[in-house]
Amino acid sequence: MLLLYAVRLVRTGIERAYGASFRRLMTRNSNVAGASATGLVLAVILQSSAAVGLLVAGFAGTAALGFGEGLAMTLGADLGSALLIQVLSFPLDWLVPLLLATGGATFIRSTGRNAKQAGRIILGIAFILISLRFLRETMDPIRESDFLPALASYLAQDYITAFIVGAVLALVMHSSLAVILMCVTLVSLNAVPVEAGVSLVLGANLGSSLIPVWLSRGMSPESRRVPLANMLIRGSWAIVALLLVNTLPILPYLSSRVAGQTLVNVHIAFNLAQLAVLPFCRLLNGPMTQLLPDSVSTGPKTPLIHRSVLDDEALVSPALALASLKREALRMTQIVEGMMLPVMEVYASYDRGQVKALLTEDRALNHALDSVRRYVAAIPQDTMRKKENKQARELTEYAIALKSAGDIIVKNLLPLAEEKNEGSISFSVAGQAELVSMHERILANLKLASNVLISDDLASARLLLEEKTEMTQMERTSRKKHLRRLSEGTAKSFESSDIHLETTRSLKEFNSHISAVAYPILYRGGQLLETRLIETMERDD
């Protein structure tokens, strides 16, 4: 459990610090070789090929990532996970005190968000090494018992059972990394024979390929094709490799003087051999499309997200009416997210068709706000308690904030993008990177705001408010850097100065609007009693 927790600790730290940049990193490749290298790097960073597979599924479903590039990325991620196991299998116990001291001090004393997450990541790596040491120490007395040798001997003789056990363990633990590290440790201690360990590792590869398939089962067919294709390739190759290793004298060529290293060699060779499929990745799109055809819409022409979810029949019950209001606010959040997503693309290449589509989304947002106001007014006041009345007001205020966020896109950002296009103005490389970074952070905060809206989770609300502070700091830092570039005489900075400064200010204001959902939750949790906002709310009450 400590090993699983440590792996998750590292992954969540990286996702919180750099997750907003994953979309740009993953969708910039137009060839399978580059996509495979990107997948390898991401798997090492996230310490999970399954996590990369889920990210790929999400981007493939929105057409941001092609099938061929997505499949190449997952194959590269499989190899990246194998290479990470090689690193973690080295004797690194001497690093633990240094990692604990550095990670702990960084996490506790740092005030910056990314620095805190860096401390979390370093602590997670230390916990991985500690858990592996605990596992070795625990197995020392157990391997002298009668039970473990008997079980190990059985698994060595029945490689099919060992293969199934490895697959089930990886699927249940949702981490092939943890399973294979455990197998390497057991084999290194001579608690399990090498032959059984190899079968367990190959089974874990099959189980790892099943995780994204299972977790993406509710997604669209477009999203599910890449995980399914990866599972078919990796699963069938695992079965073939199992038969080859156990029927032909292949294992001696991969053996090492250290028994555990043999398992690592097999795991790396297995995933390296998978890359032979890279030239055929795009060709597999046809068969996978036949297997999982595109979803055919038989409903009305109006997009589903433009259809109100307010239920008039729920008005008789304040609790049900509030639930309906919350669903409508979530729909508005999704509309706003869809509007913000292509903004930087509009800045890069002003597409009037894309701008027209964003204006249509804004009209849908206006209609949603009008519907929320009418719905709240229709709730019988005599049936509502004071608490329910306050919740209805809070949801209405957040709907207004979401509409204001949409107005910033339509009235501020789109005109700035048009001005940039008509004047043939371009940002400096550093200025463009700053805007992209802020945009990516906002997209991540939109997802966090949706989670806060649905869950009313206090910790998530605090994180969202911290993100608001971080965004303010990013805007301030970008402004200072921009002024420094002006003083240094950077020509592009002179040309784009007004647009750059107005864009950063608009992005900061947009983020403030979507963060408004956190305030009522923090107020109820006693986290904002000293703020001016709460003092104002107390006077209003």
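The values are calculated or read from the model by the stated rules, or taken from the named source; none is laboratory data. Being a predicted model, the structure only gives us computed values, none of them experimental. So basically every Cβ, Gly included, is an ideal-geometry build from the backbone, and we count neighbours across all protein chains shown. Heads up: the accessible areas ignore ligands, DNA and RNA and are worked out on the full protein's heavy atoms, side chains in. Shrake-Rupley method; radii C 1.70, N 1.55, O 1.52, S 1.80 Å.
The table that follows gives values for the structure above.
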| item | result |
| --- | --- |
| Förster radius 41 Å - calculated FRET efficiency between THR247 and VAL172 (Cβ-Cβ, nearest 0.05) | 0.90 |
| Bins of 5 Å from zero: percent of alpha-carbon pairs in segment 322-400 | 3, 14, 22, 18, 13, 10, 8, 6, 3, 2, 0 |
| Cα gyration tensor shape of segment 1-157, rounded if a/c is under 1.5, else prolate or oblate by comparing a/b with b/c | oblate |
| Ordering of 200-211, 81-92 by burial proxy (mean other Cβ atoms within 10 Å per residue, highest first) | 200-211, 81-92 |
| Exposure of SER424 as accessible area (Å², to 10), given a probe of 1.4 Å and all protein chains | 100 |
| Whether segment 69-134 is rounded, prolate or oblate, judged on the alpha carbon gyration tensor where a/c under 1.5 counts as rounded | oblate |
| Selection from SER515, GLY489, ALA444, by position along the positive dipole direction of segment 442-531 (Cβ) | GLY489 |
| Two-site FRET efficiency, LEU483 against ALA33, from Cβ-Cβ distance with R₀ of 51 Å, rounded to 0.05 | 0.80 |
| Electrostatic dipole magnitude of the chain [Cβ: Lys, Arg +1; Asp, Glu -1; Cα centre; debye, to 20] | 540 |
| Ranked packing of 172-185, 330-343, most packed first, by mean Cβ within 10 Å | 172-185, 330-343 |
| Only Lys, Arg (+1) and Asp, Glu (-1) charged, at Cβ; segment 62-207 dipole about Cα centre in debye | 780 |
| Listed pairs LYS326/LYS356; LYS116/LYS508; LYS116/LYS447; LYS420/LYS481; LYS326/LYS390; LYS326/LYS387 exceeding 18 Å between Cα atoms | LYS326/LYS356; LYS116/LYS508; LYS116/LYS447; LYS420/LYS481 |
| Hypothetical label at ALA63: residues of segment 357-399 whose amide nitrogen lies under 18 Å (7 Å Cα-Cβ projection) | 357-361 |
| Segment 89-232: C-alpha gyration tensor shape, a/c 1.5 cut-off, then a/b vs b/c | oblate |
| Segment 239-360: Cα Rg divided by the 2.2 N^0.38 Å rule of thumb | 1.97 |
| Protection proxy ranking of 436-446, 511-521 - average other beta-carbon atoms within 10 Å, highest first | 511-521, 436-446 |
| Accessible surface, the chain, averaged per residue in Å² (probe 1.4 Å) | 47 |
| Euclidean distance between Cα centres, segment 242-283 to segment 21-93, Å | 20 |
| R0 of 25 Å, Cβ-Cβ distance ARG524-ILE400: FRET efficiency to nearest 0.05 | 0.80 |
| Helix 176-188 vs. the chain, principal-axis angle (Cα, 0 to 90°, nearest 10) | 30 |
| Volume of the Cα convex hull of segment 395-451, divided per residue and given in Å³ | 70 |
| Spread of Cα-to-Cα distances over 10 Å intervals beginning at zero, given as percent, for segment 362-405 | 29, 49, 20, 2 |
| Rounded tilt (10° steps) of 429-455 against the dominant C-alpha axis of the chain | 90 |
| Cα-based helix-to-principal-axis angle, 159-173 vs the chain, degrees rounded to 10 | 20 |
| Dipole magnitude (debye, nearest 20) for segment 187-332, charges at Cβ of Lys, Arg, Asp, Glu | 240 |
| Debye log10 I(q)/I(0) at q = 0.09, 0.11, 0.12 Å⁻¹ for the chain, Cα point scatterers | -0.81, -1.10, -1.22 |
| Solvent-accessible area of THR161 with every protein chain in place, 1.4 Å probe, in Å² to the nearest 10 | 40 |
| Structure-based [θ]222 nm, the chain - -39500 (n - 2.57) summed over DSSP H runs of at least 4, per residue, nearest 500 | -25500 deg cm²/dmol |
